[in-house]
Amino acid sequence: MKRVPIDWARLALAFDARAGASENFLDTATGEIITMRFAQMWEDDIRKIRARIGADDAGRYRAIPPLDARVALRAMADFARAVLDARLRRALLNAVQGRRAFDEFKEVLQTNAPERARWYAFKDARTRERIRKWMEENGIEASET
């Protein structure tokens, strides 16, 4: 296992990024999270980052997988099923089924601050578990920063 200094907050943001909007990489030598946000970067800057990562023969850079929408929806449904308030539980489960599931889910939670806080704690725990599994699969051990 390779010990890498991990900034958990930055890594969690990278793991929660949806596909298509950005690409994220972990530099296993420094722990830096390299993010290419396509809508916010010049094409030339993106090309330079891709060249740097592409030239890496030592396996220093590891692609961080984007958040799969099915995984996110499953987490939202799992959380909704655990909500004790029947009316709120129904509203959340209905939101997850809609075409605008992510937005509707957040809108429903806006009406209930305690459940919204529980949702973010639940989501963070799920993200951390995905990160730990990915790190294990990639032979990375965290040295916390």
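Every number here is computed from the coordinates shown, using simple stated rules; none is lab data. Note that this is a predicted model, so its numbers are computed, not measured. Note: ideal-geometry Cβ built from the backbone for every residue, glycine included; neighbour counts use all protein chains shown.
Taken residue by residue, segment 32-49 has no member that is among the acidic types (Asp, Glu) and touching a residue at least 40 places away in the same chain (Cβ under 8 Å). For segment 93-121, the tally of residues that are farther than 18 Å from Asp68 by Cα, surrounded by 11 or more Cβ atoms within 10 Å (Cβ to Cβ) and over 21 Å from the mean Cα position of the chain (by Cα) stands at 4. Inspect all residues belonging to segment 58-69 and state whether any of them is free of Cβ contacts under 8 Å to residues at least 12 places away in the same chain and surrounded by 15 or more Cβ atoms within 10 Å (Cβ to Cβ). Scanning segment 58-69, I find no residue that is free of Cβ contacts under 8 Å to residues at least 12 places away in the same chain and surrounded by 15 or more Cβ atoms within 10 Å (Cβ to Cβ), so the answer is no. Beta carbons closer than 7 Å, at least 6 apart along the sequence or on distinct chains, pair a first residue in segment 73-96 that is in a helix (DSSP H, G or I) with a second that is among the aromatic types (Phe, Trp, Tyr) for Met76/Phe105; Phe79/Trp119; Phe79/Phe122; Leu92/Phe105; Ala95/Phe105; Val96/Phe105. Applying the set (1) under 24 Å from Ala121 (Cβ atoms); (2) part of a loop (DSSP other than H, G, I, E, B); (3) of a type in the set (S, T, N, Q) to Asn24 leaves exactly one unmet item: (2). Among the residues in segment 48-63, are any touching a helix residue (DSSP H, G or I) at 6+ places or on another chain (Cβ under 6 Å), under 27 Å from Glu23 (Cβ atoms) and assigned to a helix (DSSP H, G or I)? Checked against the condition, which is being touching a helix residue (DSSP H, G or I) at 6+ places or on another chain (Cβ under 6 Å), under 27 Å from Glu23 (Cβ atoms) and assigned to a helix (DSSP H, G or I), segment 48-63 yields no hits at all.
Kindly evaluate Glu129 against the criterion of being part of a helix (DSSP H, G or I), under 22 Å from Phe25 (Cβ atoms) and among the acidic types (Asp, Glu). Spelling it out, Glu129 is indeed part of a helix (DSSP H, G or I), under 22 Å from Phe25 (Cβ atoms) and among the acidic types (Asp, Glu).
Scanning segment 97-117 for residues that are part of a helix (DSSP H, G or I), among the β-branched types (Val, Ile, Thr) and out of contact with any helix residue (DSSP H, G or I) (no Cβ under 7 Å at 6 or more places or on another chain) yields a total of 0.
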